Amino acid sequence: MSKSVLVINCGSSSIKFALLLEDQKFRIHGLAENLGTPEARIKGVTVGNEPVDIHIPNADHKEALEVGLSRLANYKPDAIGHRVVHGGNITKAELITPEIIEKIREATPLAPLHNPAHLIGIEATQRLFPDLPQVAVFDTAFHQTMPSHAYRYALPKFLYTEHGVRRYGFHGTSHAYVSDRGSELAGSFRQGGWLTAHLGNGSSTCAIWNGESVDTSMGLTPLEGVVMGTRSGDVDPSIHSFLANNLGWDIYKIDKMLNSQSGLLGLSDLSNDMRTLIEASEQGNEDATLAIEVFCYRLAKSLAGLSCGLPEINGLFFTGGIGENSAYIREKTLNYLPHFGFKLSKEKNNELKRGTEGRIDQGTGPQIWVVPTDEEGRIAQETKHVAFHEFENNDATTQAIESV
Ligand code: ADP
């Protein structure tokens with residue numbers, strides 16, 4: 001029998017929730033935002049597509065969950081799946097037990113903004129639904145298959161053995177979903193070598209061999225890798241001592257600059273939003289034009305670098321708000337990657353409708369696909385698998401769930 005799953009994604013000042021009903025054909029979405037401020041509110045739509053907007057001034061995570069979930073409780077989920085950013089060395093989705101909660105707590109130094117918020121969400125839902133199985137689905141878990149030569153930094157060994165300093169990778173739920181779905185569409189489910197480019201406000205790339213992550217662009221934290229909305233991606237780590245010695249900046253100021261004031265926003269001095277930058281560039285804004293160029297060049301460089309993890313390249317999948325919607329960014333990025341034989345079909349690329357899956361290469365060379373991500377759907381599937389050992393009907397999905 002099919003089960004309904006409530007998927008919770010607790011951030012530092014927001015909570016996204018989605019109830020995936022029965023066979024996942026219906027979803028109810030909610031968003032609690034501006035938590036801890038007078039503007040705190042819950043927005044969403046009901047099953048009947050009625051808008052919901054509840055003002056909850058100064059509400060914290062607990063109160064927002066109580067208000068939001070007490071409404072959803074009418075729909076009686078069978079299980080709850082929590083997105084958890086950092087699971088340390090945990091390799092798959094896990095039923096939430098005191099031991100798993102402790103492991104999430106232990107990984108807090110590696111995700112100081114996210115993991116404490118996830119723990120608040122878990123505690124609140126356990127109080128609201130004490131009888132329901134609850135599952136943690138980790139962003140890091142998919143990348144635990146990376147070989148040590150991909151996940152180790154060239155740093156003193158004790159930092160790894162005693163303090164867990166290594167590359168973990170993030171967006172695992174998305175890379176897992178997109179590579180499974182994309183390889184299935186390509187007729188070679190979980191076979192061969194694929195590159196994924198998840199391009200949203202946070203962006204990362206991944207190399208996948210026979211369905212397993214073998215390398216990815218993010219590292220110890222989600223700051224490493226490609227250019228993002230407000231995150232710098234890779235910089236020379238000596239920038240810390242340079243700014244400290246020359247500008248007198250402390251570590252918090254540098255961290256804030258790299259995470260919240262850099263990336264597309266920093267380069268353009270205008271916006272972290274790719275759509276805004278493309279429009280500004282069309283109107284002659286040179287900083288926006290440069291920001292887009294750096295984004296695409298660094299992205300192509302990352303994909304080329306990750307290809308070293310693959311014995312062969314069957315193709316590339318684009319996903320995320322930018323990857324799914326911008327033919328312009330896809331084309332610009334592929335212009336920097338002629339070496340692997342990618343041949344983009346401009347026509348198919350430009351004609352692909354928003355939010356749809358589709359192949360956009362000319363039919364020779366490695367395949368190029370757009371595959372809209374579905375992190376909620378994947379979290380719900382993994383939750384059902386862990387809580388009830390339930391599989392979807394089609395074979396591909398079944399194997400996908402078994403593998404995580
Ligand atoms: P998040 O990482 O927060 O989930 P999304 O995956 O929704 O973010 O991606 C947000 C990004 O997608 C923004 O930079 C936005 O401008 C960009 N985006 C959405 N639609 C388009 C489009 N048509 N062209 C270019 N960029 C787009």
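Going residue by residue through the stretch 142-156, is there one that turns out to be of a type outside the set (G, A, S) and buried (at least 24 other Cβ atoms within 10 Å of the Cβ)? I'd like the intermediate steps shown before the answer.
First pass over the stretch 142-156, keeping only residues of a type outside the set (G, A, S): 142-147, 149, 151-153, 155-156.
If we keep only those that are buried (at least 24 other Cβ atoms within 10 Å of the Cβ) as well, we get 142-143.
Within the stretch 142-156, one or more residues are of a type outside the set (G, A, S) and buried (at least 24 other Cβ atoms within 10 Å of the Cβ).
Within the stretch 113-230, considering only helices (runs of 4 or more DSSP H) that don't extend past its boundaries, which have at least 1 residues that are within 16 Å of the ligand (Cβ to nearest atom)?
Working: elements: 114-128, 148-151, 157-161, 172-185.
Per the criteria, 114-128, 172-185.
Kindly indicate whether D250 is touching a residue at least 40 places away in the same chain (Cβ under 8 Å) and more than 14 Å from the ligand (Cβ to nearest atom). So that I can check it myself, show each step before the final result.
Numbers: touching a residue at least 40 places away in the same chain (Cβ under 8 Å): no; more than 14 Å from the ligand (Cβ to nearest atom): yes.
Considered against the rule, which asks whether it is touching a residue at least 40 places away in the same chain (Cβ under 8 Å) and more than 14 Å from the ligand (Cβ to nearest atom), D250 comes out as no.
Okay, residues lined up against (1) surrounded by fewer than 15 Cβ atoms within 10 Å (Cβ to Cβ); (2) modelled with pLDDT of 90 or more; (3) in contact with a Pro (Cβ under 7 Å, 6 or more places away or on another chain); (4) at negative phi:
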{"site": "P38", "(1), (2), (3), (4)": "yes, yes, yes, yes"}
{"site": "R41", "(1), (2), (3), (4)": "no, yes, no, yes"}
{"site": "V52", "(1), (2), (3), (4)": "no, no, no, yes"}
{"site": "E63", "(1), (2), (3), (4)": "no, no, no, yes"}
{"site": "L69", "(1), (2), (3), (4)": "no, no, no, yes"}
{"site": "I80", "(1), (2), (3), (4)": "no, yes, no, yes"}
{"site": "E94", "(1), (2), (3), (4)": "no, yes, no, yes"}
{"site": "H118", "(1), (2), (3), (4)": "no, yes, no, yes"}
{"site": "T125", "(1), (2), (3), (4)": "no, no, no, yes"}
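Across the stretch 271-317, what is the total count of residues that are within 12 Å of the ligand (Cβ to nearest atom), in contact with a Leu (Cβ under 7 Å, 6 or more places away or on another chain) and not in a helix (DSSP H, G or I)?
Selection size over the stretch 271-317: 2.
So which of F138, F129 is closer than 17 Å to V386 by Cα and of a type outside the set (A, V, I, L, M)?
Working: F129 fails: closer than 17 Å to V386 by Cα.
When all the criteria are applied, what remains is F138.
Assess whether N201 counts as being under 25 Å from G377 (Cβ atoms) and open to solvent by less than 30 Å² (accessible area, probe 1.4 Å). Break it down stepwise before answering.
On the way: under 25 Å from G377 (Cβ atoms): yes; open to solvent by less than 30 Å² (accessible area, probe 1.4 Å): no.
Criteria not met by N201.
In the stretch 336-392, what count of residues is obtained for those that are of a type outside the set (S, T, N, Q), within 16 Å of the ligand (Cβ to nearest atom), assigned to a helix (DSSP H, G or I) and free of Cβ contacts under 8 Å to residues at least 24 places away in the same chain?
1
The values are calculated or read from the model by the stated rules, or taken from the named source; none is laboratory data. If you're wondering where the values come from, they're calculated on a predicted model, not measured in any experiment. So basically every Cβ, Gly included, is an ideal-geometry build from the backbone, and we count neighbours across all protein chains shown. When the accessible area is computed, the model is the full protein with side chains, heavy atoms only, and any ligands, DNA or RNA have been set aside. Shrake-Rupley method; radii C 1.70, N 1.55, O 1.52, S 1.80 Å.
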